[in-house]
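K.L.:
Before I ask anything, here is the structure I am working with.
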Amino acid sequence: MSGLPDWLNASLPPAARHAGLAIARLGSERNFGRGGLQLTSPAFSGGGELDPCFTADEEDAVAPPLEWSAPPPGTQELALVVEDATGNSSEPRCHWLVWGLPGQRGKLLEGEVPPRTGKNSLGNSEWLLPDLPEGEPHQYVFQLFALELPLTLMPGAKREDLLAAMEGHVVASTTLVAQYTRSQEDEEDWDDDDFEL
């Protein structure tokens with residue numbers, strides 16, 4: 001999608017380039033990857049496929065695990081924004097808002113519920129399970145921001161409230177992209193299993 005600066009285009013696959021992403025508003029060439037800040041997951045590689053256990057396609061699905069390197073000195077806290085970059089709307093679908101994470105190297109375990117979360121696109125303060133039409137690939141952009149001051153937002157804040165609170169206070173940022181496509185084969189296998197029972 002057009003409207004992104006060159007430094008961000010270079011770090012995102014073409015299908016994940018949505019001009020409304022939080023990183024497009026809050027990131028900059030100067031703070032992107034500053035201090036070696038990196039976001040990874042033991043459950044998928046950058047640009048890799050999300051497991052169905054993190055989506056609405058499986059019962060008891062949870063948020064994926066994430067790990068990050070040490071942010072630059074002076075970081076007071078970290079914030080995480082996860083958005084679906086697929087679509088033509090001006091704002092991407094928001095799947096997770098998390099802040100209040102300690103300003104140091106750390107991780108979120110699979111299914112862990114962070115202490116401070118905001119409202120996703122459905123108005124819930126939890127990981128919004130990807131729920132897609134069959135065969136339609138979507139790109140999920142996990143965006144991590146290192147902040148120079150602690151946020152005073154109360155849990156349950158909206159995306160716009162979080163982005164406004166972070167504006168001007170981001171000292172480093174990074175992204176991790178995952179994709180997911182609902183498979184018809186998985187659904188057929190599930191139906192076959194049900195029939196055999």
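K.L.:
Return the residue satisfying two criteria in turn: it lies in the range 33-42 and is assigned to a loop (DSSP other than H, G, I, E, B) and not small (Gly, Ala, Ser), and of such residues it is least open to solvent (accessible area, probe 1.4 Å).
P.N.:
Among those that are assigned to a loop (DSSP other than H, G, I, E, B) and not small (Gly, Ala, Ser), it is 37.
K.L.:
For the range 77-121, name all the residues that are among the polar types (S, T, N, Q), open to solvent by less than 40 Å² (accessible area, probe 1.4 Å) and in a loop (DSSP other than H, G, I, E, B). So that I can check it myself, show each step before the final result.
P.N.:
Residues of the range 77-121 that are among the polar types (S, T, N, Q), as a first pass: 86, 88-90, 104, 117, 120-121.
From the residues that got through so far, the ones that are open to solvent by less than 40 Å² (accessible area, probe 1.4 Å) too are 117, 120.
Passing the criteria: only 120.
K.L.:
Still on this model: Among the candidates 45, 41, single out the residue that is free of Cβ contacts under 8 Å to residues at least 40 places away in the same chain and polar (S, T, N, Q). Before the answer, list the steps.
P.N.:
Working: 41 fails: free of Cβ contacts under 8 Å to residues at least 40 places away in the same chain.
Only one candidate passes the filter, namely 45.
K.L.:
Find the residue count for the range 43-57, including only residues that are in contact with a helix residue (DSSP H, G or I) (Cβ under 8 Å, 6 or more places away or on another chain) and either farther than 26 Å from residue 14 by Cβ or part of a loop (DSSP other than H, G, I, E, B) (or both).
P.N.:
Adding up the residues that qualify gives 2.
K.L.:
State yes or no: is residue 60 touching a residue at least 24 places away in the same chain (Cβ under 8 Å), exposed (fewer than 15 other Cβ atoms within 10 Å of the Cβ) and either of a type outside the set (Lys, Arg) or part of a strand (DSSP E or B) (or both)?
P.N.:
no
K.L.:
Among 41, 2, 28, which is the only one that is at pLDDT 95 or above and over 26 Å from residue 126 (Cα atoms)?
P.N.:
Details: 41 fails: over 26 Å from residue 126 (Cα atoms); 2 fails: at pLDDT 95 or above.
Result: 28 is the single residue among 41, 2, 28 that is at pLDDT 95 or above and over 26 Å from residue 126 (Cα atoms).
The values are calculated or read from the model by the stated rules, or taken from the named source; none is laboratory data. Everything numeric in this text was worked out from a predicted model, so none of it was measured. Note: ideal-geometry Cβ built from the backbone for every residue, glycine included; neighbour counts use all protein chains shown. Just so you know, the surface numbers come from the protein's heavy atoms only, side chains and all, with ligands and any DNA or RNA stripped out. Shrake-Rupley method; radii C 1.70, N 1.55, O 1.52, S 1.80 Å.
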